[in-house]
1. Would you order 28, 37 from fewest to most other beta-carbon atoms within 10 Å of each residue's own beta-carbon?
2. Only Cα pairs within less than 10 Å get springs; with that Gaussian network setup on the chain, which residue of 13, 124, 61 has the largest fluctuation?
3. Highest GNM mean-square fluctuation, the chain, Cα pairs closer than 10 Å: which of 90, 99, 117?
4. Can you give the calculated 222 nm mean residue ellipticity of the chain, where each DSSP H run of n ≥ 4 adds -39,500 (n - 2.57) and the sum is split over every residue, rounded to the nearest 500 deg cm²/dmol?
5. Kindly write out, for region 85-94 in residue order, the coupling ³J(HN,Hα) from the Karplus curve 6.51 cos²θ - 1.76 cosθ + 1.60 (θ = phi - 60°), rounded to whole Hz, with x marking Gly and Pro.
6. With P(r) over Cα pairs in 10 Å bins from 0, in percent as the read-out, I listed (i) 11, 34, 33, 17, 6, 0; (ii) 11, 43, 36, 9, 0; (iii) 11, 39, 34, 13, 3, 0; which label goes with the value calculated from this structure?
7. Once label points are set 7 Å from the Cα along Cα→Cβ at both residue 42 and residue 64, what is their separation, rounded to one decimal in nm?
8. Whole-Hz ³J(HN,Hα) for each residue in region 36-43, computed from phi via Karplus 6.51 cos²θ - 1.76 cosθ + 1.60 with θ = phi - 60°, x for glycine and proline: what do you get?
Amino acid sequence: MPKKIIIDTNWWISFILSKYLEGLPDFFFSERFDFYFSSELLQEVNNTLEYSRSLKRINEINLQTYIDFVEESSVIIDSTSVVTICRDKKDNFLLALAKDAGADFLITRDPDLLILKKFDNTSIVTLQQFLEIINKPS
């Protein structure tokens, strides 16, 4: 059964605004993982991109890669749980998504989430930590 992954807004925004055309990391296309979004996560990415300073920096190819990935390779669910444990209240929706998706990993750079380390059955890790975990020899 594939591991369930959530990628935080900050990673998506960095990818979309990047000057580089590296594409998504290979593990995004592995059958070992399913990637989950909620309407709140999609909306937060859209709202962040709409900031006037971001609009000028959007890498159109990376934006299209993100859109294609969401449409073709992700699972979008309705998140209904109410979570209130994060010290930054704006991040609670990600924990609710993790809970409702039964996520194995939440990948983020946000210190308000990383400090939790684990929420229910979800490990909260940086991308580097995640890569180390999945690349460990069995």
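Quick note: the coordinates plus some simple rules give every number you see, no bench work behind them. None of these values were measured; they are calculated from a predicted model. Cβ: placed from backbone, ideal geometry, glycine included. Neighbour counts: every protein chain shown.
1. Values: 28 15, 37 20.
Lowest count first: 28, 37.
2. 61
3. The residue with the greatest mean-square fluctuation here is 90.
4. Details: 7 runs with 61 residues, N = 138.
Mean residue ellipticity at 222 nm (helix-derived): -12500 deg cm²/dmol.
5. Karplus values, whole Hz, x for Gly and Pro: 9, 6, 5, 9, 4, 5, 8, 4, 5, 5.
6. Checked against the structure: label (ii).
7. Label at residue 42, label at residue 64, 2.0 nm between them.
8. 10, 10, 10, 4, 5, 5, 4, 5
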